[in-house]
1. Somewhere in region 43-56, is a residue of a type outside the set (A, V, I, L, M, F, W, C) and assigned to a helix (DSSP H, G or I)?
2. Look through region 24-38, keep the residues that are surrounded by 22 or more Cβ atoms within 10 Å (Cβ to Cβ) and among the hydrophobic types (A, V, I, L, M, F, W, C), and return whichever of them is farthest from residue 147 (Cα to Cα).
3. Return the residues of region 124-147 that are aliphatic (A, V, I, L, M) and either over 24 Å from residue 9 (Cβ atoms) or free of Cβ contacts under 8 Å to residues at least 12 places away in the same chain (or both); say none if nothing qualifies.
4. Determine if region 88-99 includes at least one residue that is at pLDDT below 90, in a strand (DSSP E or B) and open to solvent by less than 40 Å² (accessible area, probe 1.4 Å).
5. Only residues that are open to solvent by 70 Å² or more (accessible area, probe 1.4 Å), within 15 Å of the chain's Cα centre (by Cα) and acidic (Asp, Glu): list them for region 136-188, please.
6. Please work out if residue 43 is farther than 28 Å from residue 152 by Cβ and modelled with pLDDT under 95.
7. Scan region 104-124 for residues that are part of a strand (DSSP E or B) and within 13 Å of residue 58 (Cα to Cα) and report the count.
8. Condition test on residue 75, is it surrounded by 18 or more Cβ atoms within 10 Å (Cβ to Cβ), under 30 Å from residue 176 (Cβ atoms) and of a type outside the set (Ser, Thr, Tyr)?
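The values are calculated or read from the model by the stated rules, or taken from the named source; none is laboratory data. Being a predicted model, the structure only gives us computed values, none of them experimental. All Cβ positions, glycine included, derive from the backbone under ideal geometry; neighbour counts span all protein chains shown. Calculation scope for accessible area: heavy atoms of the full protein, side chains included, ligands and nucleic acids excluded. Shrake-Rupley method; radii C 1.70, N 1.55, O 1.52, S 1.80 Å.
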Amino acid sequence: MKFWSDFYDLLMPDLPECPAAAADSALRQSSVAFCEQSLAWQTKHQPVLVMGGIAEYSFSPPEGTEIHAIINAVLDGEEIEPFACEKNITIWSRQTGKPRYVLGGPSSLTLIPTPDSNGVLAIRVALKPSATSAGIDDELFHEYREAITHGAMGRLMLSPKKPYTNIQLAPYHQQQFIIKTAAAGMRVARSYARAPLQTAILRRG
């Protein structure tokens, strides 16, 4: 893991007198936004043992992370697919008669319809830092530290009446964050479909 302080060499020179706590908070928020928008932090979740008659299953993400999205799901060797539903819940659509799943939040998924037999569900998930995370994955740091730093600087420079307030420069960093995050998301969109179920930080091509 790389700690938020590992970003300081890029962040702090342009933020005079910025407290470490404020920097860490901005870096965490920027990392969360980056991961949510790009889906660049992906990993194989441990196998979910499905039991007949039980629909809901809890996630077990790595310490300091939350599940943001399910990228791929395979139940007993057969892939199941998503469809959109109300209230920002993602469920699976193809009318094949196979179970589909609902992502109801960062803590669990729900199989629909409730399975009537046992099985094994293999899932690939997109992660993001949790609200109490102390840092991010090493590979994510090395690949995307500039994007995350731009996001944090854009946030901090908009803080009112601080030594590091810079209303003129903040939009530049916000724009760079948007551009670099979108580029990361495009790489993910090209790369993750049918990808093997393993940890993957999508690298710059």
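1. No - not one qualifying residue is present in region 43-56.
2. Result: 26.
3. 125, 126, 127, 131
4. Checked against the condition, which is being at pLDDT below 90, in a strand (DSSP E or B) and open to solvent by less than 40 Å² (accessible area, probe 1.4 Å), region 88-99 yields at least one hit.
5. Correct list: 139 only.
6. Answer is no for this residue.
7. 6
8. No: the conditions fail for residue 75.
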